[in-house]
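Notes for the one structure printed next.
Nothing in this text is a laboratory measurement; each read-out follows from the coordinates by a stated rule. This one's a predicted model, so the numbers in the text were calculated from it and none came from an experiment. Cβ: placed from backbone, ideal geometry, glycine included. Neighbour counts: every protein chain shown.
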Amino acid sequence: MRLQRYLSRAGVASRRAAEELIRQGRVRVNGEVVTELGTKVGQGDRVEVGGREVLLSEPVWVALNKPAGYVTTRSDPQGRPTVYELLPERYTGLFHVGRLDQGSEGLLLLTNEGDVANRLLHPSREVDRLYVVDVVGIPDRHGLSRLRSGVELDDGLARAHRVQVVRRERAGRGAGAEPHARLQVVVREGRKREVRRMFDAIGHPVRRLVRERVGPISLGDLPPGDWRELSQREVEALRAI
């Protein structure tokens, strides 16, 4: 396979970053510095980056049901718990495919197939991400229409591919008994805190956000804090998109 794909598959860097490593002369194949993009490597070739050998391992894909309160990073300078603390040690080298912010819950995919993960994250692939969102207040038709047509955020226009209200709760008695609603939302970009910012923009702050599906992979009945390896059929479905 091409050298940049090999480095991406091995989890060294994204394919674009791997190309830059090659251009900088930081990659050796069988002891020789390689700077030509498209160089191919095969079984028996020794690949090194910065003097360290890079090996391909068997592809691994894990689905985690992230609880609220955990951050999507390997370590946190503020000492907050990380999603990797929920996984066995053998999975701590996996890359997270996208993020869920600390307050969000639901499906998080992790893998050592860096090239596939990067393609899934690219906006051009338009991979569906399904969220169940509880918000303050009950969005009206105008608000829903704005989400579908697009709301302007500080990093550009963001739109919901699909959005629908699945439950409405009118205000009841007692403190804090304000109206609220539950919606299903599908987006295809996955920008930082995108769904939360979209609902803020139409005046309905998010109370709870759960990601239930990424592409063909669903959360299902996986308990919060638990994980499972994807089946071969699920992995092939991800590669196909």
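Before moving on, here are some points about what is shown:
- In units of the compact-protein estimate 2.2 N^0.38 Å, the range 176-241 shows a Cα radius of gyration of 1.42.
- Cα convex hull of the chain, projected area averaged across orientations, nm²: 15.8
- Segments 129-142, 99-112 sorted - mean Cβ within 10 Å per residue, highest first: 99-112, 129-142
- The range 3-53, relative contact order in percent, only Cα pairs under 8 angstrom and at least six apart counted: 31
- Lys/Arg +1, Asp/Glu -1 at C-beta; the chain dipole; positive extreme among Gly220, Val166, Leu21: Val166
- Stretch gain in nm, segment Ala68-Leu222, where the contour uses 0.36 nm per residue and the Cα spacing is subtracted: 54.0 nm
- Efficiency of FRET between Glu236 and Leu37 - r from beta-carbon atoms, R0 35 angstrom, step 0.05: 0.80
- Relative to the current alpha-carbon distance between Leu87 and Arg207, full extension at 0.36 nm per residue lengthens the span by 40.5 nm.
- Positive-pole candidate from Pro179, His122, Pro205, dipole of the chain, charges at beta carbon: Pro179
- Sum of -39500 (n - 2.57) over DSSP H runs of 4+, divided by residues of the chain (222 nm, nearest 500): -5500 deg cm²/dmol
- Sparsely packed GluC sites (Glu not before Pro) within the range 1-96, loop by DSSP, other Cβ within 10 Å at most 14: Glu36
- Per residue, the convex hull spanned by the Cα atoms of the range 128-214 amounts to 87 cubic angstrom.
- Exposure proxy ranking for Met198, Met1, based on other Cβ atoms within 10 angstrom of each Cβ and starting from the fewest, stands as Met1, Met198.
- Across the chain, C-alpha contacts under 8 Å between residues 6 or more apart give a mean separation that, scaled by the residue count, equals a relative contact order of 20 percent.
- Each of Gln24 and Arg182 was given a label point 7 Å from its Cα along the Cα-to-Cβ line. The distance between the two points is 4.8 nm.
- Restricting the calculation to alpha carbons of the range 113-155 gives Rg and Dmax of 14.9, 42 angstrom.
- Among Ser149, Gln102, Leu238 - extreme Cα towards positive end, dipole of the chain, charges at beta-carbon: Ser149
- Taking N as its residue count, the alpha carbon Rg of the range 3-53 over 2.2 N^0.38 Å: 0.96
- Pairs of alpha carbons in the range 46-186 whose separation is greater than 27 Å (percent): 41
- In terms of other Cβ atoms within 10 Å, Arg74, Arg52 run from fewest to most in the order Arg52, Arg74.
- Taken about its Cα centre, the chain carries a charge dipole of roughly 640 debye when the Cβ of each Lys and Arg holds +1 and the Cβ of each Asp and Glu holds -1.
- Exposure proxy for His204, His122: other Cβ atoms within 10 Å of each Cβ, ordered fewest to most, give His122, His204.
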